[in-house]
Each structure stands twice: as structure tokens, then as C-alpha cells.
1. Taking θ as phi - 60°, what are the ³J(HN,Hα) couplings along region 11-18 by the Karplus curve (6.51, -1.76, 1.60), each to the nearest whole Hz, with x for Gly and Pro?
2. How much net charge surrounds Pro53 when only other residues with a Cβ under 9 Å from its Cβ are counted (Lys, Arg +1; Asp, Glu -1)?
3. List, in order, the whole-Hz ³J(HN,Hα) value for each residue of region 74-80 obtained from phi through the Karplus relation with A = 6.51, B = -1.76, C = 1.60 and θ = phi - 60°; use x for Gly and Pro.
4. Per residue, how much accessible surface does the chain expose to a 1.4 Å probe? Answer in Å², no decimals.
5. Which residues' amide hydrogens lie under 5 Å from the amide hydrogen of Ala83, considering only partners 5 or more residues apart or on another chain, with H built in the peptide plane?
6. Using amide H atoms built in the peptide plane, which far-off residues or other-chain residues are under 5 Å from Asp11 H to H?
7. Given bins 5 angstrom wide, list per bin the percent of all Cα-Cα distances in the chain, short to long.
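The values are calculated or read from the model by the stated rules, or taken from the named source; none is laboratory data. Here the structure is a predicted model, which means the values were calculated and not measured. Cβ atoms come from the backbone with ideal geometry, glycine included; neighbour counts cover every protein chain shown. The accessibility values were calculated without ligands, DNA or RNA, using every heavy atom of the protein model including side chains. Shrake-Rupley method; radii C 1.70, N 1.55, O 1.52, S 1.80 Å.
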Amino acid sequence: SIRAEVDRRGDGVLVSCGDRFSGYAFFVVDGHLVHDYNAAGTHHVVRSESPVPTGPVTLEYRFGKTGQLEGTFELYVDGQRVASEHRSGTLAYHLSPTGVTVGRSPVSAPSDLYEAPFAFAGDIARVVIELGDDRTPSVPTAITALDD
């Protein structure tokens, strides 16, 4: 999940990772909250139907894995879900020379919906990124001591 506590005055990137070849971007464009997951050129976009309010607001993206390389993409504004889509075709691995950035896309945009750097118009007070464990254990879940 990505949670951004902001004072929104306009549009722009909240969090960006990757570039035009692969990655993701969490941003506000034309007043709407958007998450664009770029899976090596295939874009999985989820967008709020209603505009995001200006002023202090908490914006959030959540991904819930539902199967192998698939899951639910959700957007929240002040704790209320404003969009949800199920998508398959996510990538098993993501490699990019461009790391995670907050408040803009520094090089090329992972999304076709804006042009870099698309700096966020407002103040970003805090961004929290939480990673969940999405892997099946490949090691024993219990270890038993062996006698010599």
C-alpha cells in the first residue's frame, strides 16, 4: 500500500517508481486520483470517478494479491474506497534504474497520462509505503533439532 498525507492545491505525482518501460505511478490528474501500473508497456490503470478534494486529504493505493500475478487495485480518499479493479498480468519482478521518488517523476513517466516531471501541486506531509509478504514459503515452516 501507499498512503500519502497531503495538502492538495492541484495535480501531480505523489509516488513514482520506474520509467516509461516499466514501473508505477500514484498521482492526481485532472482532479482524479490515479494509479497506473506499467507492466512492461501494458498499463493497468485505476482511477477515481469523483474528483479529489483540495486541502488536507489522505490518499491511498492498496494492492491485494488474489492469485499468481494478479490482484485487486484499490484507491481511497480519506479512508473511503473510491475505485477498485481486479487485474491480472502483473510482473513477477521489476527492474529499473529509476528508484522510488516522491512528489514527481524525475526522468521519464511510467504513465502515459502525464509528462515528467509532473511535480505535485501542494504539500506532501508524509508518505508511507507498506510491503506485504506475497510469497509462498520455500523453506520449512518448522525446524526440528536433530540428535547427533
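1. Computed from phi, the couplings for region 11-18 are 8, x, 6, 8, 9, 9, 9, x Hz.
2. Spelling it out: positives minus negatives among the neighbours equals 0.
3. Once rounded to whole Hz, the list reads 10, 10, 10, 10, 6, x, 9.
4. With the other protein chains kept in place, the chain gives 59 Å² per residue.
5. Excluding prolines and chain starts, which carry no amide H, the hits are Leu75.
6. Ala121
7. Calculated P(r), rounded to whole percents: 2, 10, 19, 22, 19, 12, 6, 3, 3, 2, 2, 1, 1, 0.
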